[in-house]
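Accompanying notes for the structure given below.
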Amino acid sequence: MLCPVCNGLRPLVSTCYVCGARLLDEGKWTDWTGPYAPYEPVAFTAETYLSSGEEICKHVGYCPICEDGFEVSVREREL
Ligand SMILES: [Zn+2]
Ligand SMILES: [Zn+2]
């Protein structure tokens, strides 16, 4: 399991689907215990594999405009 974002190979690049602002990397869902967390991290442990078998790493992107966090899926082999 090699996440390019977790391993510092590239930054998390994503935009808010509500307002289009650049999201800030707030780390992995499993590490995220901030005040904006909408779910318990354990709720995502069963979703770390896509139906295709491709591994993904769930990160949190925080939008400073909406002041809310969004789930960002990083594909492990995507570079
Ligand atoms: Zn990651
Ligand atoms: Zn936004």
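Structure summary
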read-out	value
Every residue from segment 53-72 that is assigned to a strand (DSSP E or B) and more than 14 Å from ligand 1 (Cβ to nearest atom)	TYR62, CYS63, ASP68, GLY69, PHE70
Residues satisfying the stated conditions in segment 46-79, i.e. of a type in the set (Lys, Arg) and modelled with pLDDT of 85 or more	LYS58
Subset of segment 4-40 [at pLDDT 75 or above and of a type in the set (A, V, I, L, M)]	VAL5, LEU9, LEU12, VAL13, VAL18, ALA21, LEU23, LEU24
Pairs with Cβ under 6 Å, 6+ apart, first in segment 15-32 and β-branched (Val, Ile, Thr), second near ligand 2 (Cβ under 9 Å from one of its atoms)	VAL18/CYS66
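The values are calculated or read from the model by the stated rules, or taken from the named source; none is laboratory data. Since this is a predicted model, take the numbers as computed values, not measurements. So basically every Cβ, Gly included, is an ideal-geometry build from the backbone, and we count neighbours across all protein chains shown.
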